[in-house]
Amino acid sequence: MERPDLTRIVAALSRAAHSPTGDTAQVIELLACLTPDGCLDEAARIPAEYWRIKWWQHGRVAWTGHLFYGGRGWLLRRDGAEDEPFLKLEATRLRPGEHLMLHQPDGQVLGFRVVNVGSPAASC
């Protein structure tokens, strides 16, 4: 499921209530379309099934899901978890060194630092 107009974004946990200094063993990998300035492209005409996320913990995939624009922001949904609430993704630019936040339904916020942006090969 690879498309040349998608970008692979890798970000490591940099801040959470359970890990205030971060945990590089917890990584999210997004497959998404970016604008030229590094923002998620809500106008991209790419089917939703291509906008993917993988959550890695200690070198293993903990879960996979989809990223989509929900009208007022970017949302994540785990595969097979249609009855669970969405996670909200907050990000300005997705470039190495930039940060993104995942807002969980229970109010917990997880901070991630982008460590790599590149080709979608061998991802999600």
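The values are calculated or read from the model by the stated rules, or taken from the named source; none is laboratory data. Since we're looking at a predicted model, the values are computed, not measured. Please note: Cβ atoms are built from the backbone with ideal geometry, for glycine as well, and neighbour counts cover all protein chains shown.
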Return yes or no: is Q108 among the polar types (S, T, N, Q) and more than 12 Å from A11 (Cβ to Cβ)? yes
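How many residues does the range 30-43 hold that are assigned to a loop (DSSP other than H, G, I, E, B), over 22 Å from R78 (Cβ atoms) and not acidic (D, E)? Working first, answer last.
Our first condition is that a residue be assigned to a loop (DSSP other than H, G, I, E, B); within the range 30-43, this holds for 33, 35-39, 41-43.
The next check asks that each one be over 22 Å from R78 (Cβ atoms); those that pass are 35-39, 41, 43.
This time we only want the ones that are not acidic (D, E), so: 35-36, 38-39, 43.
Result for the range 30-43: 5.
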Which of (1) at pLDDT 90 or above; (2) of a type in the set (D, E); (3) not in a strand (DSSP E or B) is the odd one out, the single condition D83 does not satisfy? (1)
Six or more apart or on different chains, Cβ atoms under 8 Å: show the pairs whose first residue is in the range 43-67 and farther than 18 Å from S119 by Cα and in contact (Cβ under 8 Å) with a residue 60 or more places away in the chain and whose second is aliphatic (A, V, I, L, M) and part of a strand (DSSP E or B). T64/I53
Would you pick out the residues in the range 45-65 that are in a strand (DSSP E or B) and either surrounded by 17 or more Cβ atoms within 10 Å (Cβ to Cβ) or in contact with a strand residue (DSSP E or B) (Cβ under 8 Å, 6 or more places away or on another chain) (or both)? R52, I53, K54, W55, W56, Q57, V61, A62, W63, T64, G65
Given (1) farther than 22 Å from V109 by Cα; (2) within 16 Å of the chain's Cα centre (by Cα); (3) not hydroxyl-bearing (S, T, Y), number of the condition W63 does not satisfy: (1)
When the range 66-87 is examined, which residues are found to be surrounded by 13 or more Cβ atoms within 10 Å (Cβ to Cβ), closer than 19 Å to A44 by Cβ and of a type in the set (D, E, K, R)? R77
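Counting only residues that are among the polar types (S, T, N, Q) and at pLDDT below 90, which one in the range 7-34 is farthest from Q108 (Cα to Cα)? So that I can check it myself, show each step before the final result.
As a first pass, look at the range 7-34 and keep what is among the polar types (S, T, N, Q): 7, 14, 19, 21, 24, 26.
After this cut, where a residue has to be at pLDDT below 90 as well, the list is 14, 19, 21, 24, 26.
Values: S14: 14, S19: 12, T21: 15, T24: 19, Q26: 16 Å.
The extreme case among them is T24.
How many residues does the range 88-124 hold that are assigned to a loop (DSSP other than H, G, I, E, B) and crowded, with 18+ Cβ neighbours inside 10 Å? Let's see the steps before the verdict.
Residues of the range 88-124 that are assigned to a loop (DSSP other than H, G, I, E, B), as a first pass: 92-98, 104-108, 119-124.
Now narrow it down to the ones that are crowded, with 18+ Cβ neighbours inside 10 Å: 94, 120, 123-124.
Number of matching residues: 4.
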